[in-house]
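Written out below as structure tokens is the structure these notes cover.
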Amino acid sequence: RCFRATRGFSGVVGAVDGSVFAINRPADYEVFYGRKFYSALNMQAVVDHRCGFMSIDTQPGSWSDQKIWNASRLGKTLDKIIPPGTHMIADAGYAIRPWLMR
């Protein structure tokens with residue numbers, strides 16, 4: 001209802017996106033050095049259709065949004081549990097799936 005009321009999307013059960021946050025350089029900084037060319041964490045958040053958080057995952061800045069999604073519990077199970085005729089929305093950092101639109 002939150003997505004439909006605010007954006008006109010029906011059938012949307014949630015949204016996913018990642019955000020990169022700069023951090024002080026850790027000792028093993030290579031894994032935290034990402035595409036933005038600084039040490040960072042990449043945090044992925046998933047909200048449901050009421051805009052409530054369903055999932056939050058944090059990984060090193062070198063991880064892409066898609067890699068975090070693939071490693072997340074929700075990413076591993078959503079194919080099996082998302083109701084037919086519904087979908088999630090995401091940006092271009094995520095691969096299109098039958099239930100995912102960008």
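The values are calculated or read from the model by the stated rules, or taken from the named source; none is laboratory data. Remember, it's a predicted structure, so these values are computed and weren't measured experimentally. In this analysis, Cβ positions are derived from the backbone assuming ideal geometry, glycine residues included, and neighbour counts consider all displayed protein chains.
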I need the full set of residues from the stretch 46-102 which are more than 16 Å from F9 (Cβ to Cβ), among the basic types (K, R) and within 14 Å of the chain's Cα centre (by Cα), in order please.
K67, R73, K76, R97
Hey, could you check the stretch 28-72 for residues that are among the β-branched types (V, I, T) and at pLDDT 85 or above and say which is nearest to Y94 (Cα to Cα)?
I68
Residue list for the stretch 65-102, filter: in contact with a Phe, Trp or Tyr (Cβ under 8 Å, 6 or more places away or on another chain), charged (D, E, K, R) and farther than 16 Å from D17 by Cα
D79
Test for D91: is it out of contact with any Ser or Thr (no Cβ under 9 Å at 6 or more places or on another chain), surrounded by 11 or more Cβ atoms within 10 Å (Cβ to Cβ) and either modelled with pLDDT of 85 or more or hydrophobic (A, V, I, L, M, F, W, C) (or both):
yes
